[in-house]
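Asks: Take a look at the following structure, please.
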Number of protein chains: 4
Amino acid sequence: MHHLDPKTRTAADLALDCYKHCHGMATTHCLAVGGAHAERGHLTLMLACAEICRTTAHLLLMDSIHGRHMARECVEVCKACAADCERLDGMEPCVAACRACAKACAALV
Amino acid sequence: MHHLDPKTRTAADLALDCYKHCHGMATTHCLAVGGAHAERGHLTLMLACAEICRTTAHLLLMDSIHGRHMARECVEVCKACAADCERLDGMEPCVAACRACAKACAALV
Amino acid sequence: MHHLDPKTRTAADLALDCYKHCHGMATTHCLAVGGAHAERGHLTLMLACAEICRTTAHLLLMDSIHGRHMARECVEVCKACAADCERLDGMEPCVAACRACAKACAALV
Amino acid sequence: MHHLDPKTRTAADLALDCYKHCHGMATTHCLAVGGAHAERGHLTLMLACAEICRTTAHLLLMDSIHGRHMARECVEVCKACAADCERLDGMEPCVAACRACAKACAALV
């Protein structure tokens, strides 16, 4: 979005990208594979990460001061989600998206 | 909300109530119980129902004409979710919330 | 929701109630009245508060540990929104909903 | 997302792009410019379009059958929003995003 400074725009884009990976993989790959991928702790962490990323992007796109507060939570949940996904097969795209989002959000805090 | 006509207000309230039941039970009860409760088809239907209910309420609360269009989709997904939940143990609160929401949304279409 | 401890359930209910007031009043009352009610700073604060409340409830309903992190942001934005609404006519229901939500979320942090 | 067929993936991507434009421009450009840009009918249409696009993407990313039902509503609100934005200055990026999303969603219905 042209109206935002470059760091905020990048963080909003990467937060939406992370939302797409976490939400998409949780509800397709993880539930289809089952076992450890569909265990409650893992799945709720992925869905929590997806929701926090989506809302962080929403606040950043509004150019709201509260976007920076959300960015702080976003860094935390993305790091936790990346670590949890790393234990499991086929989650590399999710790990990469979480790490990229955490880095861009950390630059705003 | 005082600014809405009674039928719209009721539909918004019941859509949020249905969202709470579907989203809450999917991510706690269903994932904890496992088996048929955590099967991909069931879980994604519950999450789809939760999301459509939440968005229907969002549009109705804005008093947007598009709230009535969303209400049409809400009726459909709530009926499908109620039928799917009825097959499984312990889902009675979810079935009741879906039916109540479908009825209130149908009154707007 | 029966699966949550009472403090978490109360916070989720009051966060959704605050979402309903902030989102509903911003998009009907405030935009209809215009003037200071529709000024960018006020309106984006109300929409930011609505979104953060909605997401806090979403995380709390999942019984996610990240719900408590969101509750911390929720307290902050609800206090800011209550103070800003207090300056303007006819916003009493919004002020009350923000204060009740802030109190319930503060009890979780 | 690698797990979706190309038409669904394109529609999800363009729905999120349209959400970014409508939500971002409504809460920054339109509220800052004021006048006809901040008039209640225009602003609520942009916010309704943003929300429906965001939810359509959410359902499509889950590979849910209800994504196609949402796509039908998405086409309708995107066309209405494009037409309304065309009347106003500086809304070209929003018009283009709405048209592209409507086209991609229409291909799914």
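The values are calculated or read from the model by the stated rules, or taken from the named source; none is laboratory data. Keep in mind that what you see is a predicted model, and the values were worked out from it rather than measured. Heads up, the Cβs are rebuilt from the backbone with ideal geometry, glycines too, and the neighbour counts pull from every protein chain shown.
Asks: Scan segment D:30-46 and tell me whether some residue there is under 11 Å from the mean Cα position of the chain (by Cα) and at pLDDT 95 or above.
Replies: The answer is yes, given that some residue of segment D:30-46 is under 11 Å from the mean Cα position of the chain (by Cα) and at pLDDT 95 or above.
Asks: Still on this structure: Conditions first: (1) more than 9 Å from every other protein chain (Cβ to nearest Cβ); (2) over 23 Å from A:Gly41 (Cα atoms); (3) in a helix (DSSP H, G or I). C:Lys7 passes all but one, so which condition is the exception?
Replies: (2)
Asks: Let me ask something else. Determine, yes or no, whether D:Ala15 is assigned to a helix (DSSP H, G or I), in contact with a Lys or Arg (Cβ under 9 Å, 6 or more places away or on another chain) and under 16 Å from A:Leu16 (Cβ atoms).
Replies: Yes; evaluated as a whole, the condition is true for this residue.
Asks: Which count do you get for residues in segment A:54-84 that are in contact (Cβ under 8 Å) with a residue 12 or more places away in the chain, within 18 Å of A:Thr10 (Cβ to Cβ), buried (at least 24 other Cβ atoms within 10 Å of the Cβ) and aliphatic (A, V, I, L, M)?
Replies: 5
Asks: For segment A:10-27, enumerate the residues that are of a type in the set (Ser, Thr, Tyr) and facing chain D (nearest Cβ under 9 Å).
Replies: Those that are of a type in the set (Ser, Thr, Tyr) and facing chain D (nearest Cβ under 9 Å): A:Tyr19, A:Thr27.
Asks: When you go through D:Leu31, D:Leu4 one by one, which is the residue that is aliphatic (A, V, I, L, M), over 23 Å from A:Ala96 (Cβ atoms) and in contact with a helix residue (DSSP H, G or I) (Cβ under 9 Å, 6 or more places away or on another chain)?
Replies: D:Leu31
Asks: How many residues does segment A:60-99 hold that are in contact with a helix residue (DSSP H, G or I) (Cβ under 7 Å, 6 or more places away or on another chain) and not in a helix (DSSP H, G or I)?
Replies: 6
Asks: Quick check, is B:Glu86 of a type in the set (Asp, Glu), more than 12 Å from chain A (Cβ to nearest Cβ) and in contact with an Asp or Glu (Cβ under 7 Å, 6 or more places away or on another chain)?
Replies: In short, no.
Asks: Working only within segment C:6-53, note down all residues that are among the hydrophobic types (A, V, I, L, M, F, W, C), surrounded by fewer than 22 Cβ atoms within 10 Å (Cβ to Cβ) and in contact (Cβ under 8 Å) with a residue 40 or more places away in the chain.
Replies: Hits for segment C:6-53 are C:Val33, C:Ala36.
Asks: Return only the number of the condition from (1) within 19 Å of B:Val77 (Cα to Cα); (2) touching a Leu at 6+ places or on another chain (Cβ under 6 Å); (3) not acidic (Asp, Glu) that D:Cys101 does not satisfy.
Replies: Every listed condition holds for D:Cys101 apart from (1).
Asks: Same structure again: If you scan segment A:52-63, which residues turn out to be touching a Ser or Thr at 6+ places or on another chain (Cβ under 6 Å) and either within 14 Å of D:Ala26 (Cβ to Cβ) or facing another protein chain (nearest Cβ under 7 Å) (or both)?
Replies: If the condition is that a residue be touching a Ser or Thr at 6+ places or on another chain (Cβ under 6 Å) and either within 14 Å of D:Ala26 (Cβ to Cβ) or facing another protein chain (nearest Cβ under 7 Å) (or both), then A:Thr55, A:Met62, A:Asp63 are the ones that fit.
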